[in-house]
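Structure record follows, encoded as structure tokens.
None of the figures in this text is laboratory data; all of them are computed from the coordinates on show. Quantities reported herein were computed from a predicted structural model and do not represent experimental measurements. As a convention, Cβ positions derive from the backbone with ideal geometry for all residues, glycine included, and neighbour counts pool all protein chains shown.
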Amino acid sequence: MFEWLTNPLYWTWIFQGLTLTVEITLFGVCLGLLLGTLLSIGDIYGGRTARGLIAIYVEFFRGSPLFIQIFIAVYTVPALLHLQMDHYLLAFLVFGLNSAGYQKGYVKGAMQTILDDQMAAGMSVGMSRWQTLRHVIIPQAYRIVIPSWTNEFCSLTKSTSALAFVGLFDLTSAGLSIKGITYQVLPVWMVIGAIYFVWITGVSKLMDVIYERKKIPGVELDLQS
Amino acid sequence: MTDCVMEAKHVYKTYCVKGEKRKDVKVIEAVKDVSLQIRKGDIKLIFGPSGSGKSTFLRCMAMLDIPDKGDIYLGDQSLTAKGVDLNKARARIGFVFQHIYLFRHLTALGNVELALRQVLKLPKEEARKRAIAALEEVKLTDCIKKYPSQMSGGQAQRVGIARAIARKPDIILLDEPTSALDPELTGEVIDTLRDLAHEGTTMLIVSHEMPFAKEVAEEMIFYDEGHVVETGPPSLFFNAPNTDRAKQFMTRIINRTTRE
Amino acid sequence: MDVWQQLFNLLEGVPLTLSISIISFLVGIALGLPLAFTRIYEKEISFAVDLYEKIFRGIPEIVLMLLFFFGLGTFFPLPFGSAFFVACFVLGLRSGANQSQIYRGAIRGVGDEQMIAGQSIGLSKWRSIWHIMVPQVFTFSTPGLGSEYALLIKDSAYVYVLSGLLEITTRANQIRQSTGDFITPYIFGALIYIAITFPIAYSLDRWGNRRKKKIGL
């Protein structure tokens, strides 16, 4: 059942697949954080039009499955633009854009819990609104948001397995290939599942430790909302 | 045995409080060797500085906190013995909380009715009748359909009292029933308690309402740092307490009351 | 196939998407509630609940579906040979893990004092949970439950990797393959999902807020 585990070729595949999974997730979470922060600032301080556009953006990326967004990125976008585009690049982008839709909610929630008081305090020492945002609000908001960030990391990693179905070589693709040769369906998926599990659980644990160290005593985000 | 409704024998209770950091754990000895007897119709009042463990002791009496050592008796039955059905026992003990703790998802009537239906298993109509009677006793018939969030603090606490008396418990334990209320709302709760006292209800009250204590309590118990310092009738405390600590505390509290 | 035929074809997948997500949601409630209370009030076995939650947080739904359907399905065609069963099974268990987390937060929010008050009138632990905590916990969890249900609708798209379940995403791919149209089926598909998820999240939110105000949570 598990003899195939001794074949180094399969391990190269697994490693190659895992690399893509990890790269896409990390890139997605980071781009998502950057964009999500901009979107939440826009949502708090922007005018009507800006807020409306942001709402549409968020509704699109949060309201439809990431799976279908991947299809749109890989098939629809190149067809619309009449361009040959790199599937990997498109996949990276769609993960970042999707994550931004979710992270906007987390960052904005975190900013709002501290915004009024801290903004007043910042302005009272003579800082401008932007300075206060940069030096007071955002550093605090990022610490508050770490647990949501961990959740986002978990669900993005899990979603990368959809990439196997648009022809990208991620960890699930590696599983499909090995299964195609060995026909050991159940063992292959057990091993692949275990690798995902160890990676995701390990990183979440690490994030929890970071959160414990970095968290501001007394300031916690109500994860309900 | 005795004709005690409730009795505490050498009860101990400590608990830990976490500090700012994980390592700082403070052990608080809230109850140290406290014994107390309450007979039928008794009204006893426990008072003392805040943080001295009075509430913990009261919770131990109802076995809402389990004592580390010592025994609690309800009539002849030991509640601290192994294998006692505490829920059955608690059905015979009324408890009124400082912060009221009404069930937020139920109306006033629902709050009072719940135990009658679920614990005493009364049929629907009888439970309703008794719940309404209890609410009448605290003079709240107009609030029957209101939710806790729609009532004033005084009304909510009277529902709390109705919830405690509706199942006709052997004794009612009241944990600072007025101290979480705005001063102008304590009157209505005190009036309710006075009515109960005149009906001969057995009560153990933690409270600092001194005029009320003087009027209804047979015995006052001065409690400090986890144990009973002095016991006696109100006249003792209002004239000349024996211990210095009680003397100091009484002076402070009487000054405060007269200033207000 | 013209554009309208495509749209109708996709819309025919809506009932399947809805039934998978509703069944999974109900399975999730049935698992999540007891698990959340177990995790908080039965300390001795809470590690098992923790492990269960971690497994479904840490393994992709697609991998689980492939494992149960193609892996276990060959050995146990009943029930794992049924794609519909596997879809509801995996998503339901996953939702149970998520909901357990949601309810746990809600239990903390409702507060231990409600449990103590319940016990003070003589209710047993599990009866206090049932009569006092559960109704409040549901109210408290509404925004979280709304997004959890929306998540199930979106995640039902993963059943594309199984065979024979013609829900929205599977139909969109079929249309692309049969017509070579790379654009409209996916755009329509995404819009249909949005049209389903938006009102659900919105109305649950409103209902929850109203109810919360009423009971003062």
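What FRET efficiency, computed as 1/(1 + (r/R0)^6) with R0 = 35 Å and r the Cβ-Cβ distance, is obtained for B:K247 and B:K168, rounded to the nearest 0.05? Between B:K247 and B:K168 the formula returns 0.30. From the largest down, segment A:124-179 spans 64, 19, 11 angstrom on the principal axes of its Cα atoms. Taking the Cα centre of segment C:3-215 as origin and charging only Cβ (+1 Lys, Arg; -1 Asp, Glu), how large is the dipole, in debye to the nearest 20? The dipole magnitude comes to about 660 debye.
Per residue of peptide A:77-87, the mean number of Cβ atoms on other chains within 10 Å of the residue Cβ is 1. Using the Cβ-Cβ distance between C:Y41 and A:L83 with R0 set to 41 Å, the FRET efficiency from 1/(1 + (r/R0)^6) comes to roughly 0.10.
Note on segment A:3-214: dipole from Cβ charges, positive end direction compared against A:M123, A:P78, A:F27; the farthest Cα belongs to A:M123.
Any idea what log10 I(q)/I(0) is at q = 0.10 Å⁻¹ for segment A:3-214, Debye with uniform C-alpha scatterers and no solvent? Each listed q maps to, in turn, -0.54. Measuring r between the beta carbons of C:T179 and C:K125 and using R0 = 56 Å, the FRET efficiency lands at 0.40.
For segment B:150-260, the antiparallel share of DSSP beta bridges with both residues in that region comes to about 55%. The mean count of C-beta atoms from other chains within 10 Å of the C-beta of residues in B:143-150, rounded to a whole number, is 2. For chain A, modelled as a Gaussian network with Cα springs under 10 Å, which listed residue fluctuates most, A:S161, A:S124, A:S173? Answer for the Gaussian network model of chain A: A:S124.
Please report, in debye to the nearest 20, how large the charge dipole of the protein assembly as shown is about its Cα centre when each Lys and Arg carries +1 at its beta carbon and each Asp and Glu carries -1 there.
Its charge dipole is roughly 260 debye.
Peptide A:56-63 shows a mean partner chain C-beta count of 4 within 10 Å per residue C-beta.
Nearest-5 percent of antiparallel DSSP beta bridges in the protein assembly as shown?
On the way: 23 of 39 bridges.
Percent antiparallel among DSSP bridges in the protein assembly as shown is about 60.
Neighbour counts of C-beta atoms inside 10 Å place B:K69, B:K82 in the sequence B:K82, B:K69, starting with the fewest. With each label modelled as a point 7 angstrom along the Cα→C-beta vector, the A:Q131-A:L5 pair spans 6.0 nm.
Between B:V138, B:C16, B:C4, the Cα set farthest toward the positive side of the dipole of chain B (charges on each charged residue's Cβ, about the Cα centre) is that of B:C16. For segment C:75-98 and segment B:199-233, what is the centre-to-centre distance using only Cα atoms, to the nearest Å? Taking the Cα centre of segment B:199-233 as reference, the centre of segment C:75-98 is 63 Å away.
Put in order of Cβ neighbour count within 10 Å, fewest first, the listed residues B:C4, B:C16 become B:C16, B:C4. Based on the Stokes-Einstein relation at 25 °C and a viscosity of 0.890 mPa s, and on the Kirkwood radius from alpha carbon pairs, segment C:114-163 is assigned a translational diffusion coefficient of 185 µm²/s.
Shown for C:Y103, A:Y183: other C-beta atoms within 10 Å of each C-beta, ranked fewest to most, produce the order A:Y183, C:Y103.
Taking each of B:K13/B:K121; B:K40/B:K139; B:K139/B:K214; B:K9/B:K88; B:K54/B:K146; B:K54/B:K168 in turn, the alpha-carbon distance tops 30 angstrom for B:K13/B:K121; B:K54/B:K146. Across C:L51, C:L11, C:L91, mean-square fluctuation computed from a Gaussian network of chain C (C-alpha pairs under 10 Å connected) peaks at C:L51.
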